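Inspection log for the structure reproduced underneath, given as structure tokens.
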Amino acid sequence: MQEQNSLKKKTISGLFWSFSDLIANQGIQFIIQVILARLLVPKDFGIIGMITVFIAISQSFIDSGFTNALIREKDPSQEDYSTVFYFNLLMAALMYIVLFFSAGAISNFFKEPQLVAILRVIAIVLIINSFGLIQRTMLTKSINFKTQTKISVISSILSGIIAVIFAYTGHGVWSLVIKTLSMQLVQSLLLCIYNRWMPSLVFKIDSFKRLFGFGWKLLVSGLINTLYNNLYFLIIGKSFSAVELGYYTNAQKLRDSASQSITASVQKVSYPVLSSIKEDEDKLRAAYKKIIKTSVFITFPLMIGLAVVGNPLIRLIFGQKWVNSIPYFQILCFAGMLFPLHAINLNILQVKGRSDLFLRLEIIKKIIGLTLIAIVLFFKIGINGLLWAAVLSSYIGYFINSYYSAELLSYSTIEQIKDITPAFIASVLMAIVVYFSSAIIPDSNLVKIIAQIIIGVVVYIGLSKIMRIKELNTVCELLNSILKKTKIKRTNIN
């Protein structure tokens with residue numbers, strides 16, 4: 001019982017600081033994004049979008065699944081951590097060299113001469129990041145998100161200020177490069193200072209083989225996933241223009257500030273928590289079920305609501321020059337609805353040590369996704385067609401992800417759908433009310449958004465009470481715990 005209460009406290013504390021990170025860090029990032037969007041032009045964001053896939057793939061090679069392998073490991077040794085640290089550092093150096101000499105070919109592919117210098121500079125972030133990977137892994141393993149939140153907030157503020165100064169003084173796309181580099185530099189430095197871990201002068205082959213035995217399948221699946229998720233940057237950048245890619249990039253960032261942030265927050269906390277109770281099937285199933293129901297209770301209304309208010313939202317925060325990104329954002333919101341479900345279903349495979357199934361699922365889903373993309377390109381349906389293909393792929397992917405969760409936990413897809421249906425119905429009904437309410441709200445973007453948000457929240461809470469959705473109480477309890485924790489923190493400061 002004492003162990004269960006300790007785990008619950010750790011989970012609540014982890015959620016508190018993880019969601020604090022979500023609110024504080026993403027709030028800061030959002031404000032910076034708005035300012036930069038008004039100071040820069042869509043093409044600047046499009047140019048950065050062109051090289052995103054190459055940086056992301058490099059990061060996958062550097063990590064190689066070792067982060068999750070260490071988190072899953074019951075009691076990693078100093079030799080384990082040191083071995084992974086040196087591997088990360090070596091891979092970062094190798095990937096930087098590859099990108100440095102590939103910059104010319106990548107620039108020719110997109111027909112953007114600027115990319116050569118930009119890629120060679122921004123790729124330095126790979127080496128910078130490698131110094132903080134183990135520290136972040138150790139903090140995540142101990143469910144210490146308080147420190148990570150502080151680091152994220154400080155790095156976001158400092159890098160944001162630097163980027164805005166560069167953008168304001170006319171440095172264009174380079175302000176985005178400086179923002180990325182300065183953020184990662186500050187994060188890595190603070191991780192090393194706060195965690196105070198130093199590697200030993202050892203590289204243990206046994207540690208490498210054991211951890212890589214679990215991690216290599218995650219590496220392959222991660223590469224497939226990363227390439228697929230960034231494929232749209234390649235297609236839009238190559239087949240359309242840097243401007244169109246800029247519209248897509250900003251729309252995706254706005255969508256991700258909500259869906260991906262919540263997903264990452266839940267995933268960061270749920271993985272170590274579920275890993276700690278993996279031997280108790282009943283407890284694991286109950287925790288897993290609760291995480292899924294609570295996640296969709298928050299994500300469904302948020303993403304559907306954002307799609308409904310997308311038009312006045314983008315006009316207000318980004319300005320008229322970004323109106324072409326409105327349909328992109330609205331479509332992407334529907335794809336983002338299921339991100340938490342994807343993450344949680346895949347988490348259970350890692351908790352159970354089934355990285356082989358993780359890899360198999362990624363291959364199956366990507367084959368389906370690539371088929372949908374090929375159909376869109378063949379019939380020349382355009383960018384909107386590509387984005388609707390992403391939505392369809394996301395929904396198909398959910399059914400595939402949940403298949404093995406049913407086998408490993410005796411929690412079938414049908415049961416999952418039954419559990420998430422009430423939140424989905426309430427969200428759709430709320431969205432309908434919010435959509436038609438715009439007709440009677442004054443034609444002011446600010447007034448319209450504020451009014452629609454208030455209407456949406458009231459309607460959703462009301463429907464949740466009428467439909468007796470228990471997750472409303474769970475969220476209220478969580479918020480109450482957060483408020484109590486905040487009060488205690490203020491009292492201690494005073």
- Item | Heavy-atom accessible surface of region 111-166: percent carbon and sulfur, 1.4 Å | 74
- Message: What whole-number distance in Å separates the alpha-carbon centres of region 322-348 and region 373-451?
- Response: 8
- Query: Using the Cβ atoms and a cut-off under 13 Å, what net charge is assigned to the surroundings of residue 470, where Lys and Arg are +1 and Asp and Glu are -1?
  - Reply: +2
- Furthest towards positive pole of dipole, 70, 119, 425, structure part the chain, Cβ charges: 425
- Query: Counting Lys +1, Arg +1, Asp -1, Glu -1, what net charge surrounds residue 240 among other residues with beta carbon under 14 Å of its beta carbon?
  - Reply: +2
- Query: What base-10 log of the normalised intensity I(q)/I(0) is obtained for the chain from the Debye formula, alpha carbons as equal point scatterers, at q = 0.10, 0.13 Å⁻¹?
  - Reply: -0.81, -1.51
- Determine ³J(HN,Hα), in whole Hz, for all residues of region 318-324 in sequence, where each value follows from phi through the Karplus function 6.51 cos²θ - 1.76 cosθ + 1.60 and θ = phi - 60°; x replaces Gly and Pro. 9, x, 4, 5, 10, 4, 5
- For residue 480 and residue 417, what does the FRET efficiency come to when R0 = 25 Å and r is the distance between their Cβ atoms, rounded to the nearest 0.05? 0.25
- Task: List every DSSP H helix in the chain whose Cα atoms extend 27 Å or more along the helix's own long axis and whose mean Kyte-Doolittle hydropathy is at least -1.0.
- Result: 2-39, 42-63, 78-110, 145-168, 174-195, 205-229, 281-308, 355-378, 383-409, 413-437, 445-466, 471-493
- Under a Cβ-Cβ cut-off of 10 Å, what is the net charge of the residues other than residue 70 that fall near it, where Lys and Arg count +1 and Asp and Glu count -1? 0
- Task: Taking amide H positions as placed in the peptide plane 1.01 Å from N, state which residues far from residue 40 in sequence (5 or more) or on other chains have amide H under 5 Å from it.
- Result: none
- Task: For residue 407 and residue 197, compute 0.36 nm times the residue count separating them, minus their Cα-Cα distance, and round to one decimal in nm.
- Result: 71.6 nm
- Where nothing but the Cβ of Lys and Arg (+1) and of Asp and Glu (-1) is charged, how large is the charge dipole of the chain around its Cα centre, in debye to the nearest 20? 760
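The values are calculated or read from the model by the stated rules, or taken from the named source; none is laboratory data. In this text the structure is predicted, and so the values were computed from the model without any measurement. Note that we place each Cβ from the backbone using ideal geometry, even for glycine, and neighbour counts take in every protein chain shown. When the accessible area is computed, the model is the full protein with side chains, heavy atoms only, and any ligands, DNA or RNA have been set aside. Shrake-Rupley method; radii C 1.70, N 1.55, O 1.52, S 1.80 Å.
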